[in-house]
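Okay, so here's the structure we're looking at.
The values are calculated or read from the model by the stated rules, or taken from the named source; none is laboratory data. Only a predicted model underlies this, so the values are computations on that prediction, with no experimental measurement involved. Note: ideal-geometry Cβ built from the backbone for every residue, glycine included; neighbour counts use all protein chains shown.
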Amino acid sequence: MPRDWRSIVVAAVMLATLACDSQRPPTGPSLGIPPSPARPVSSSGFLQAPPAAPTSSDPLVGRYALDIAVAASSCESVPAHAQRRTYTADIHDHEDRYAVKLYDAAFLSDGGAVSYGCRDRRLPYDGACHMFLMRRDGNSTVSVTMSPEDEWRGSEIWELLADGRLLDIWGQATGLVRDGRIEAAGPGGLWWGNGLPASDSHACRGELQLTFTRR
């Protein structure tokens, strides 16, 4: 999707929600995620996986290690650590689909109060930009939606990296479930910048690759 309009709209969100990391001087914007009773968050903005993994009679529900990569020649200006990320991923039952929640990284807070944010009516809301949708299509096929519900709300992943830069990952993918793994791929992309508004940023499109490995 076009990224240029976001640098204007999201700027107000970032400035309103980012806070300094108390542990080290930030090299770029830092953030705090509002704590919720069930998901305490440290002052550094690091969202730790809850102690208990989700459970269900549905074998797809549970805890995974998730590897996300964007493969594209146009990503040459983006460092390797931003092109490939690893998270803890909990897959939850949610209505007629699944909610995938990522952990063990620092995620941007939702900024819905200023008309843009990660709140998506298709997903449970908990205040952080760390969720996306999954559907089961048949016994062994799944589809992933990591893209906005509309131009104001979305389920993209927004992460603050250790280098102080922001990373936005989006896309859609389909794949197979087998032997405790889910492998999916499809069109997607990323945006990597030194804040919002960014004086130095790069965006690229390519193949979004997701590999879930059961824990």
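Observations, loosely collected:
- For segment 76-96, the set of residues classified as surrounded by 16 or more Cβ atoms within 10 Å (Cβ to Cβ) and either in contact with a helix residue (DSSP H, G or I) (Cβ under 7 Å, 6 or more places away or on another chain) or under 17 Å from Ala184 (Cα atoms) (or both) consists of Gln83, Arg85, Tyr87, Thr88, Ala89, Asp90, Ile91, listed by residue number.
- Segment 69-85: number of residues that are β-branched (Val, Ile, Thr) and more than 16 Å from Met146 (Cα to Cα): 1
- Selection within segment 128-138 - in a loop (DSSP other than H, G, I, E, B) and either at pLDDT 95 or above or surrounded by 20 or more Cβ atoms within 10 Å (Cβ to Cβ) (or both): Cys129, His130
- Segment 161-200, subset polar (S, T, N, Q) and touching a residue at least 12 places away in the same chain (Cβ under 8 Å), residue farthest from Cys75 (Cα to Cα): Thr174
- Candidate set from segment 139-190 (those that are among the polar types (S, T, N, Q) and outside any strand (DSSP E or B)); member that is farthest from the chain's Cα centre (by Cα): Asn139
- Residue in segment 141-154 that is surrounded by 17 or more Cβ atoms within 10 Å (Cβ to Cβ) and on the phi > 0 side of the Ramachandran plot present: no
- Which numbered condition Leu176 misses (of (1) surrounded by 19 or more Cβ atoms within 10 Å (Cβ to Cβ); (2) over 15 Å from Val100 (Cα atoms); (3) of a type in the set (A, V, I, L, M)): (1)
- Hits in segment 57-108 - residues which are more than 18 Å from Leu161 (Cβ to Cβ) and polar (S, T, N, Q): Ser57, Ser73, Ser74
- Segment 181-197, residues that are surrounded by fewer than 17 Cβ atoms within 10 Å (Cβ to Cβ) and modelled with pLDDT under 95: Asn194, Pro197
A quick yes/no check of all residues on (1) out of contact with any strand residue (DSSP E or B) (no Cβ under 6 Å at 6 or more places or on another chain); (2) charged (D, E, K, R):
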site: Ser140; (1), (2): no, no
site: Ser143; (1), (2): no, no
site: Glu156; (1), (2): no, yes
site: Leu160; (1), (2): no, no
site: Gly164; (1), (2): yes, no
site: Gly175; (1), (2): no, no
site: Ile182; (1), (2): no, no
